Amino acid sequence: MSGYNKNSNFGTGNYIKISTGLDVSTSTNNEKTGGLIQWDLGNSGIPAFATVTEASLTFRVYTIAKQTFLLFAMYQDWVEGNGTSGASWNTYDGTNAWGTPGADNISLDRSAKNLWLADSLSFNVTGYQTVNLNGTGVGVVQAWVSGSLPNYGLVAQNYVDVNYLPLSVASSENS
């Protein structure tokens, strides 16, 4: 989701770009971007009665970032899309508006609690980086596995800090 290209969908892109208010590489304002992440646990082989004791996310980092990104559970189902339809800064499905642009509404779009242990050092080198989920994050995964919470995925955001380079991580479309 891009605050610069508010109606564009990047579902077929090779990278997920997550950034804050100003892209110092281009000096462009409104470069706020959030990264939507989702996967199907239905084919994971994890039985519904399993107890989840830990969980982590591993990213392939292509461009580093030195700011802290927060991770939130999504309350709203969204559509990955194909470039012309699907989730964008303004809509969750190409038609219907988020509660707040960028999926930033803590009542309608996403949770208010950060789900992982990422900090300003988590994405400061390229290559594979793994970040553990905190207790709240493990609880969300447990609820997805047991079926007590719908799996609408996650969003990584930092719409507050400025003057940082955007983080780029590989998407599922990246070879």
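The values are calculated or read from the model by the stated rules, or taken from the named source; none is laboratory data. Nothing here was measured: the structure is a model prediction, and the numbers come from that model. Note that each Cβ is placed from the backbone with ideal geometry, even for glycine, and that neighbours are counted across all protein chains shown. Each accessible area value is taken on the protein alone, full model and side chains, heavy atoms only, with ligands, DNA and RNA left out. Shrake-Rupley method; radii C 1.70, N 1.55, O 1.52, S 1.80 Å.
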request  = Go through (1) in a loop (DSSP other than H, G, I, E, B); (2) in contact with a helix residue (DSSP H, G or I) (Cβ under 7 Å, 6 or more places away or on another chain); (3) at pLDDT 90 or above one by one and return the number of the condition PRO47 breaks.
outcome  = (2)
inquiry  = Suppose we keep only residues that are within 14 Å of the chain's Cα centre (by Cα) and more than 12 Å from LYS6 (Cβ to Cβ) within region 95-104. Which one would you say is most open to solvent (accessible area, probe 1.4 Å)?
reply    = ASP104
key: Output for region 115-136, where each listed residue is without any contact (Cβ under 8 Å) to a residue 60 or more places away in the chain and open to solvent by 40 Å² or more (accessible area, probe 1.4 Å)   = LEU117, ASP119, SER120, LEU121, GLY135, THR136
key: Members of region 40-51 that are open to solvent by less than 60 Å² (accessible area, probe 1.4 Å) and over 21 Å from the mean Cα position of the chain (by Cα)   = PRO47, ALA50
ask   = Restricting region 1-37 to residues that are at pLDDT 65 or above, part of a strand (DSSP E or B) and of a type in the set (Val, Ile, Thr), which is surrounded by the most Cβ atoms within 10 Å (Cβ to Cβ)?
value = THR33
inquiry  = Step by step: first the residues of region 65-87, then only those that are over 16 Å from THR20 (Cα atoms) and β-branched (Val, Ile, Thr), then the one that is modelled with the lowest pLDDT. Which residue is that?
reply    = THR84
inquiry  = Checking PHE59 against (1) in a helix (DSSP H, G or I); (2) in contact with a strand residue (DSSP E or B) (Cβ under 7 Å, 6 or more places away or on another chain): exactly one of these is not met. Which one?
reply    = (1)
ask   = Quick one: would you say ALA170 is closer than 16 Å to LYS17 by Cβ and open to solvent by 20 Å² or more (accessible area, probe 1.4 Å)?
value = yes
